[in-house]
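Notes for the one structure printed next.
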Amino acid sequence: MTPALEISHLKKRFGGLPATRDVSLTVMPGERRLIIGPNGAGKTTLFNLVTGDLTPDEGSVKLFGREMLKLPTQQRVHLGLARTYQILTLFPKETLLHNVVLALLGLDRSRWNPWAYLAGQRRLYDAARAALVQVGLGEIAERVVGETSYGERRRLEMAMALAQKPKVLLLDEPLAGLSQEERKQVRDVLNAVPRDVTIVMIEHDMDSALAFAERITLLHYGEVIVEGTRAEVVADPRTKEVYLGE
Amino acid sequence: MQFWIIQTLNSVAFGGLLFLLSSGFSLAFGLMRIPNLAHGGFFMLGAYLGATIVSVGGNFWVAVLGAGLGVGLIGILFERLILRRLAGNVQGQVLVTLGVSFIIADLCLMIWTGDPWTLPAPSELRPPIRLGGFAFPTFRLVVLGIALVVAAALYVLMDRTRLGAMIRAGVDDMEMARGVGIPVSLLFTVVFSLGALLAGLGGTLGAPMLNAYPGLDADMLPLALIVVILGGAGSLLGAFVGSFAVGFLYNFGIALFPDLAYFILFLPMVLVLVFRPQGLFGRVAS
Amino acid sequence: MTRRLVALVLVAAALLAVPLVITNEFYLNLASQILIYGLLAVSLNLLVGYGGMVSLGHASFIGLTSYTAVLLLNAGFDQLTTALVAVAFSTLCGALFGVLALRASGIGFLMITLALGQIVWGIAYRANNLTGGDNGIRFAARPQPFGVDISSAPHFYYFTLIVFAVALFFIWRLVRSPFGAALQGARDQPRRMRMLGHNVWLIQWLAFVLSAFWGSVAGLLYVYYNLFISPHAISLQQSAETLLMAILGGASTLTGPIVGAIIITLVKNVVSTYIDRWNSLLGAIFVIVIMFMPFGIVPGLRQLWVRWRRRAKTERAV
């Protein structure tokens, strides 16, 4: 079977400092993969290389067997890649609904239409509302992002990515800064995502995401240290050394 | 032959003048991240002030100094009273410098009228130097000499003094400089007014070649912009090389292809902006 | 919604009635000028307000259109061909300028547009035998669209009003269209927009081209109105004035630049009949607006209105 995401020998240096050294990673379709590692392990850099925000020095990134390194970010998105950001990257003066509509527009041909009335596009707005309902924000869809709580914004990030119906979804610390209650909500949302979506999730805090993962990759100083099933990685002495031992 | 030698000398002398105009401009641009669009106005103001001081009986060199100090003072006021209040709003700052350039141009027109003011070179420098059958205008050589002295002084300032080290740190990485306790906001005032002072000096020194006339500011500002874009904002070496390069382009451009003079000037600027936005010698990406 | 419709009808009626009320030719021509500069400012605002790209070279589209129109008409082409080719050529130049300017963002963008504007100005100024240099060059006569003579002040006003209304209608549609939303998204969060599948470069370039197109249409009106073009009309100062109109009125709104154009054109014409310190005043307005009214007049007034209504409401509740 073709892997959903296949990263091989990816390398990236900033100035003289290596941020990613020779990372290889294979994620099968439908898999739930957790990437863990202490701060500065190069987790977000890895995502930026996959999405095209950064250009690697060497290596390859394939989505369902197709090489993506030469493609600009937006084309990778059109091939089925979506991501959320660890540092919230939203449109703060717009409503939640408008945020999701922009996400839907990104994949919709009508985005080039300079004539139609956007607010009259039922199809887009219905889909956007559905995505907000999916993450439990249906009630406040008309609220401006600037007036929502941090937890609500985290879920909006998720709604924007899910609305695009991606094949591969990259989640950058979706649980960071959330209360217990909110974490449960996000986990429920994630559990409800159908299996035809492959999910790769970064988490700094291992405990909160452990239950979700089937396979875990441990990154440290831009390198893959351990990879395996949840039980294997937790049991591995190197995990304890670089991560749990801290 | 005569044509080429004279044009070359004119280009070099004009390059020296451009260095006076653009070195401080470049340092301020590098440090504060904004092009001061009133800089051409500062130069013109220097020319008028110098011409006025001489016309009321002042010595030429006193006029040069007076114009420099006067314009430098205006620079301090402008930075302290206006630019400072817009800290962080780079776009606003640029537009404000443009607004001030209109005010300067108009006030100059009001005070000194629309007729050009001429400022003769000091009498002792009027007789040309004769060398190998050619006559070289002494005053231009002196201006070139002054520019070289200023260049050397700025080099020592930037490379050998604590102040220079702080400015370089600010140009390289503002946040880092702030972080290690460099008084960045004081540096802004110092560098900005130094640029104004040099422009003022340059204005008076240039007046015997260019005269002081309405529109001098609009003629000089693009030249300073081009120098800095070619050389890279904040780079002294870049300003030096850029000044002489533009000196040659401008003089020979006007002499050989008068119709296309502006095209010849602005095209390299656009090309550098497009293909090497940090400038040929610049380290900071814009 | 209905209240807006009423307001729109009232404004339209007022605009149509202008030549009936203002019979003085000087003031009627002033109204035509306002419409022309209003269109120029609105077209620039597509870039500045909705796209977040501050350009200091917008007056070059007046020049490109006007000079092309003059040269074509003098070469014996008919008015329609002249108009179409002039606007097309100017827009094409805009497309090229956009490619160059979009290599940079922020101050870099501003400086490239400034340099390009100066190149156009410099060519107009220096290429004497083509452009007449500093003296400028004359446009033979206004066209007669569909056989209607627009040489008189009222007729020209109506002609300008129609073009202005059509342009404004298209731009209004654009601003609230999916493309308009994408343009504003690209202004606020370019990186996120890419990650949502939007081609940010193409969005911004298309906005640049559209802005150039409507700017060129304003340029055509300019040369029809003045029957003359000189480098003076396309100087850096004219570009700056246009930018000031957009910012003064409020770059985040559709109507702001029109308000800006009204104020600047009136002040400029009225003030310059009394004193010739227009440039000082222009500079001072520039400085004051940027320092104290960075969001412009229209959003400022709107805020006041909202506050006033809220207060009125709470008073009634008490």
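The values are calculated or read from the model by the stated rules, or taken from the named source; none is laboratory data. This is a predicted model, so every value here is computed, not measured. Here Cβ is always computed from backbone atoms with ideal geometry, including for glycine, and neighbour counts include all displayed protein chains.
Points worth noting:
- Across the stretch C:108-136, the number of residues qualifying as more than 9 Å from every other protein chain (Cβ to nearest Cβ), surrounded by fewer than 18 Cβ atoms within 10 Å (Cβ to Cβ) and under 28 Å from C:Gly98 (Cα atoms) comes to 2.
- Considering C:Leu8, C:Leu28, C:Leu40, the condition of being out of contact with any Leu (no Cβ under 7 Å at 6 or more places or on another chain), in contact (Cβ under 8 Å) with a residue 40 or more places away in the chain and over 21 Å from C:Ser151 (Cβ atoms) is satisfied by C:Leu40 alone.
- Of residues in the stretch A:50-96 being of a type in the set (Lys, Arg) and over 30 Å from A:Gly138 (Cα atoms), the one surrounded by the most Cβ atoms within 10 Å (Cβ to Cβ): A:Lys62
- Long-range neighbours under 8 Å by Cβ, at least six apart or interchain, first residue surrounded by 17 or more Cβ atoms within 10 Å (Cβ to Cβ) within the stretch C:67-83, second among the aromatic types (Phe, Trp, Tyr) and part of a helix (DSSP H, G or I): C:Thr68/C:Phe89
- Of all residues in the stretch B:223-239, those that are within 9 Å of chain C (Cβ to nearest Cβ) and modelled with pLDDT of 85 or more total 2.
- Exactly one residue out of B:Glu175, B:Glu124 is in contact with a helix residue (DSSP H, G or I) (Cβ under 9 Å, 6 or more places away or on another chain) and modelled with pLDDT under 90, and it is B:Glu124.
- Verdict on C:Phe292 being within 19 Å of B:Leu98 (Cβ to Cβ), surrounded by fewer than 16 Cβ atoms within 10 Å (Cβ to Cβ), within 12 Å of chain B (Cβ to nearest Cβ) and of a type outside the set (Asp, Glu): yes
- On the stretch given as the stretch A:85-115, residues that are more than 9 Å from chain C (Cβ to nearest Cβ), modelled with pLDDT under 95 and more than 25 Å from C:Leu210 (Cα to Cα) total 3.
- Per-region count, the stretch C:154-185, residues assigned to a helix (DSSP H, G or I) and either facing chain A (nearest Cβ under 10 Å) or not hydrophobic (A, V, I, L, M, F, W, C) (or both): 18
- B:Gln278 meets the conditions (1) in a helix (DSSP H, G or I); (2) within 12 Å of another protein chain (Cβ to nearest Cβ) in every case but one. The failed one is (1).
- Output for the stretch C:132-146, where each listed residue is modelled with pLDDT under 90 and under 29 Å from C:Val54 (Cα atoms): C:Gly133, C:Asp134
- The listed residue being without any contact (Cβ under 8 Å) to a residue 40 or more places away in the chain and within 13 Å of chain C (Cβ to nearest Cβ), out of B:Gly92, B:Gly40: B:Gly92
- In the set (1) buried (at least 18 other Cβ atoms within 10 Å of the Cβ); (2) at pLDDT below 95; (3) more than 10 Å from chain C (Cβ to nearest Cβ), the condition left unmet by A:Val168 is number (2).
- Some residue of the stretch A:49-72 being over 19 Å from A:Arg33 (Cβ atoms), acidic (Asp, Glu), within 14 Å of another protein chain (Cβ to nearest Cβ) and not in a helix (DSSP H, G or I): yes
- Positions within the stretch C:186-203 being crowded, with 24+ Cβ neighbours inside 10 Å and more than 8 Å from chain A (Cβ to nearest Cβ), in sequence order: C:Ala186
- A:Gly106 vs. criteria under 30 Å from A:Ser8 (Cα atoms), in the same structural domain as A:Glu173 (by TED's automatic domain parsing) and in contact (Cβ under 8 Å) with a residue 24 or more places away in the chain: no
- Of all residues assigned to the stretch B:252-269, none qualifies as being among the β-branched types (Val, Ile, Thr), within 29 Å of B:Val156 (Cα to Cα), within 13 Å of chain C (Cβ to nearest Cβ) and over 13 Å from the mean Cα position of the chain (by Cα).
- Breaking point among (1) part of a helix (DSSP H, G or I); (2) in contact with a Leu (Cβ under 6 Å, 6 or more places away or on another chain); (3) under 26 Å from B:Met166 (Cα atoms), for B:Phe42: (2)
- If you go through the stretch C:127-152 and keep only what is of a type in the set (A, V, I, L, M, F, W, C) and touching an Asp or Glu at 6+ places or on another chain (Cβ under 9 Å), you end up with C:Ala127, C:Leu130.
- Out of C:Gln189, C:Gln238, C:Gln204, sole residue that is within 15 Å of the chain's Cα centre (by Cα) and not aromatic (Phe, Trp, Tyr): C:Gln238
- For C:Pro143, the criteria (1) in contact (Cβ under 8 Å) with a residue 12 or more places away in the chain; (2) assigned to a helix (DSSP H, G or I) hold in every case but one, which is (2).
- Checklist (1) crowded, with 24+ Cβ neighbours inside 10 Å; (2) within 14 Å of chain B (Cβ to nearest Cβ); (3) not charged (D, E, K, R) applied to C:Gly52, failing item: (1)
- Scope the stretch A:58-79; condition of a type in the set (Asp, Glu) and in contact with a helix residue (DSSP H, G or I) (Cβ under 8 Å, 6 or more places away or on another chain); matching residues: none
- Of the residues making up the stretch A:6-17, those that are assigned to a strand (DSSP E or B) and surrounded by fewer than 16 Cβ atoms within 10 Å (Cβ to Cβ) are A:Ser8, A:His9, A:Arg13, A:Phe14, A:Leu17.
- Here A:Arg76 fulfils each of the conditions (1) basic (Lys, Arg); (2) more than 8 Å from chain C (Cβ to nearest Cβ); (3) under 24 Å from A:Gly40 (Cα atoms) apart from (3).
- Only one of the numbered conditions (1) modelled with pLDDT under 95; (2) facing another protein chain (nearest Cβ under 9 Å); (3) in contact with a Lys or Arg (Cβ under 7 Å, 6 or more places away or on another chain) is violated by A:Gly37, and that is (2).
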